[in-house]
Every structure is written in C-alpha cells, then in structure tokens.
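Structure record follows, encoded as structure tokens.
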Amino acid sequence: DGMNVLLIVVDDLRPVLGCYGDKLVKSPNIDQLASQSIVFSNAFAQQAVCAPSRVSFLTGRRPDTTRLYDFYSYWRVHAGNYSTMPQYFKENGYVTLSVGKIFHPGVSSNYSDDYPYSWSIPPFHPSTEKYENDKTCRGKDGKLYANLVCPVDVSEMPSGTLPDIQSTEEAIRLLDVMKTNKQKFFLAVGYHKPHIPLRYPQEFLKLYPLENITLAPDPWVPEKLPSVAYNPWTDIRQRDDVKALNVSFPYGPLPDDFQRQIRQSYYAAVSYLDMQVGLLLNALDDLGLSNSTVVVFTADHGWSLGEHGEWAKYSNFDVATRVPLMFYVPGMTTSYVSQGERVFPYLDPFSHALGLVPQGRSKKVVELVSLFATLAELAGLPVPPVCPETSFHVALCIEGTSIVRYFNLSEEKDGCDDTYRCFDEEPVAFSQYPRPADTPQWNSDKPKLKDIRIMGYSMRTVDYRYTVWVQFNPNNFSANFKDVHAGELYMVETDPNQDYNIYNNTSHG
C-alpha cells in the first residue's frame, strides 16, 4: 500500500530559510519539516522562470525536450504528448489534486492546468488571485498603488483575504475529504509568495527591523560578467514604486535604502509563507495522516536580491537557479510516530525563532528534473524508464534519475553500494537561459521563442559553475556549440557568490 504524497511548490523562493543556515529569516515551520526530512543543500532548477521550470519538473524532462523557454506553448501539442508526474500517479490509482499555482496558468498548461490529464478534479485557484497586480498597496500619501513592496492590511483586501490563505484553507479541506473517503492522494499545493508583488500581511514587517537588513554581499555588476549573462529586471522596473525612482536601464543600481526595503519585504513574505506551510502541516497531524504521507517541499527556482546588481530570476547564477528541496518520508527520514503524537505542531513565527537542524543534509548536486523519478520510487510505484536520446515520440519516460540513493547519508563518500549501479561520475545540475541578444534588451529577461538568438547552458558541480552562451536557432530548436558568444567559470570554494569570472584565465587550463 503506497504512501500519500503532499507536494508543496513555492513560487520564486530561494533557500533563505533557517534550515539552510540563514541567520535572519524566521521560518520555524519549514525548519521543523526539515528537522524530520532529508534536505538537499545543492538542488537546482532547470530554467529560472516559472512556466519552463514547472513543465520541466512536472514532466521529468528538460526545457530542450519540452521546447518551452517562454510562456506560449503547450508541450503536448508543441513537443510531444508527455505524461506528467501527477498523471502517472493518477493512472496508478491515486486521486490527484492541484491547489494554487502548480502548472503555470495559461497556454503553457492548455488554459486548464493540464486537466483532465494530470488531475482527478479541476484544479483550484484562489478567487483573489486576480487582484494580485492591482493597486492594493497604500502609499505614504494614502493613495493606492501597484507597488513592488506591498505590506497590506488583510481586512482591507478584496474579500478580506489573500490567495495563499485561501489555498491553505482549500488544501486542508481536501485533506479532510481524502481522509474521510480513505482515498490515496497526490496533493500538490502551490503558494504564490514570495513572487512579486511582495504583498503580505503588514504585521510580518515587525519580524525584520530595517536596521537589521543588509545589502547583498556583492551588490555590484561583476567586472568580467559577459553582458549576455546579465538580466535587466524589467518586471521590477514596471512597478509603481520602482518606476518613481527613474533608474537608468539596464545597469543603473537601485538606491541602497530601497534595496533594503525589497530584501526586508522578501523576508517578510517568506515568514508569511512559513505560517501557511505550518497550518497545512499541522492539519496533516490533526487528520492523522503524518505517518502515511510523503511531504516534499521545493520551489520552481530562486530569486536575486541585489547580488551582481540583479533582481528577480532570469539568469544562470545560483541565486536564481538554486532551490530548497526536502523530503519527509515516514519510517525512512524519521521513525513513525505513535497514535496521537504530533510531528508538525504549528509554530508561530512571531514567538518561535527555531533553528532546528535538518534530520539529514546531503551536499550532492541534484536537479528538479529528478523529482518525478524520486517521488515514484518513494511512493512504491515503478520508476518510469529513462528517456532515449530523442524522446519526442515517447509518452512515458524521464530525463532525471531518482535521488533516493542519496537518502542514506552514510553513502555520501562515494555513493556506491549493491542496490544501485555505481555512479562513478560526479553528479551535475544543468540549467539554461535564453537571450534575444548579446547585450541587455527590454526583453532579455523573457524573450519569446521567435526572438531567442542565444542560449546559455550552465552546469553546476559541487566545485564550480560553468556556463557557455551559444548561438541558438528558434526555428529548429538547435544550439550551435561551435559558436560561443561568451563563457563563465566560477569556483564555488573560493568564490561562493560567483563574482569573479575566470573563464578567460588560461592558467586554469
């Protein structure tokens, strides 16, 4: 009898969490989950933008196979009729449920979040989602604006609530229904924050006095950063409060005090998110499901907070590609609890500064494209086969490998034992990002497929990040590795922030 699955996907969350060693953040509920989980400190998304990343890990295939680098095509029509992870669980007897943002809405999921293929019932979207970018932020003058930095009084919001609050309520309701009907479930819950605008209940600001907020350790554009690698954060420039600052395009830095406010609000939004996750996991306990449910917590990609003079995602740097990733597996990452004992008691972020340490921490480099295989294995389903070199015609296969073999931390040394074939080669995470030109343009962050001229392919090992920006033809989806426009090489140990590009230093051979 297989385990239930609760998959929590957060929008634009980099690992600013207590369990990842962040000293400032207050994230007691996620830290508590981590204390019962195996935590991967080097997990990476395949493309640092919402739709391509989500379609990649939900199908278990890379962006070059889904052929989605923007928001404007549906893989089943555009690339191949690929099975998704929830579809596979559904075909194997699970009730599959989607709450909030799991697939990116719109064309890229056929305007239906890939229902009915992936989900047993139509996906739930919070009714207040539609006000996300409206003028709901009160300025100093008392008027309402569509700001980037947007602490709000929830009672003044449309319907007196916020999307993530509604998603938590619906997810808890569905858990209750599954428990009552004794149905085996795969429930995916997608939270919107800390995606911009940074709109959250204003009381969370109290957790982060402005005088405690620093700038990024490297708020400048690195001297040897190829211009093709830079993302000019256009989505941020379009917000009312940023527009008013009149920052020069593309490199003009934001004023220091405003940088601090963005960082403060990002952290506040993370604590608001932590509260929602805490309420959701607490309900799992209340319903007696903690012993029979695998919980996975991750994000679609990271987010720059001023590092390299950049904001938002849209790049190949660790700050944009690195994600939190943890797995709670009852009986495996932690022992089963006895009747009535709690695994996830709710912790109030305002009174708990809990820095619980993870149950186990793996430094192995892993990719989100491996999620499909990993969850299938943890749930006791047959792991779908690895895709052949070209797999456009294959409905069910995956390009990631299960990372369950890393759960046994005593194997960290060489990762070799009898149960799995030996992996001599070092694990690598691949990410990629498209650009319309060699220099920053208004559409550099989000080029449409027809405008892509260059693709940046990036590989991250435990020791380095290596990126080449090569000529790309959007008509036949081909990359020409003989035509290299620029390169980057950063050594993780001596340059953890990736500020010193040594690609052209011949001494490194």
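The values are calculated or read from the model by the stated rules, or taken from the named source; none is laboratory data. Every value quoted in this text rests on a predicted model; they were computed, and no experiment measured them. With ideal geometry, Cβ positions are generated from the backbone for all residues, glycine too; neighbour counts draw on all protein chains shown. In case anyone asks, the SASA skips ligands and DNA or RNA and just uses the protein heavy atoms, side chains included. Shrake-Rupley method; radii C 1.70, N 1.55, O 1.52, S 1.80 Å.
Values computed for the structure shown
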read-out: Segment 5-88: trypsin sites (Lys or Arg not before Pro) falling in loop per DSSP and having at most 15 other Cβ within 10 Å; value: 23
read-out: Candidates per GluC sites (Glu not before Pro) in segment 184-278, loop by DSSP, up to 11 other Cβ within 10 Å; value: 223
read-out: Computed FRET value (nearest 0.05) for residue 437 with residue 335, which takes r as the C-beta separation and R₀ as 60 Å; value: 0.60
read-out: Bridge type composition, the chain - antiparallel percent by DSSP, nearest 5; value: 55 percent
read-out: Per residue, in Å², the accessible surface of segment 1-79 once ligands and nucleic acids are set aside, probe 1.4 Å; value: 20 Å²
read-out: Linear extension gain, residue 111 paired with residue 453, 0.36 nm per residue minus alpha-carbon span; value: 120.3 nm
read-out: Residue-normalised accessible area of segment 230-327, given per residue in Å² at a 1.4 Å probe; value: 23 Å²
read-out: Size-normalised alpha-carbon gyration radius of the chain, reference 2.2 N^0.38 Å; value: 0.93
read-out: For peptides 365-373, 388-396, sequence by mean Cβ density within 10 Å, most packed first; value: 365-373, 388-396
read-out: Segments 397-404, 343-350 sorted - mean Cβ within 10 Å per residue, highest first; value: 397-404, 343-350
read-out: Cβ-defined net charge surrounding residue 152, 13 Å radius [Lys, Arg +1; Asp, Glu -1]; value: -2
read-out: Distance-filtered residues of segment 181-198 - backbone nitrogen under 16 Å, label point 7 angstrom along residue 152 Cα→Cβ; value: 192-198
read-out: Listed pairs 101/143; 364/446; 143/313; 143/206 exceeding 26 Å between Cα atoms; value: 101/143; 364/446; 143/313
read-out: Cα centroid separation, segment 463-500 to segment 134-188 (Å); value: 39 Å
read-out: Point-to-point label distance, residue 215-residue 249, nm (Cα→Cβ direction, 7 Å offset); value: 2.4 nm
read-out: Value of [θ]222 nm, deg cm²/dmol, for the chain, DSSP H segments ≥ 4, -39500 (n - 2.57) each, nearest 500; value: -5500 deg cm²/dmol
read-out: Extension gain (nm, one decimal) between residue 462 and residue 81, 0.36 nm per residue minus Cα-Cα; value: 133.7 nm
read-out: Qualifying GluC sites (Glu not before Pro) for segment 272-359 [loop in DSSP, other Cβ within 10 Å: at most 15]; value: 341
read-out: Segment 74-171 - charge dipole about Cα centre, Lys and Arg +1 at Cβ, Asp and Glu -1, debye rounded to 20; value: 260 debye
read-out: Fraction of accessible area attributable to carbon and sulfur, the chain (%, probe 1.4 Å); value: 52 percent
read-out: Inter-part distance where segment 202-267 and segment 34-60 are each reduced to a Cα centre, Å; value: 24 Å
read-out: Estimated inter-spin distance, residue 505 and residue 381, nm [label 7 Å along Cα→Cβ]; value: 4.7 nm
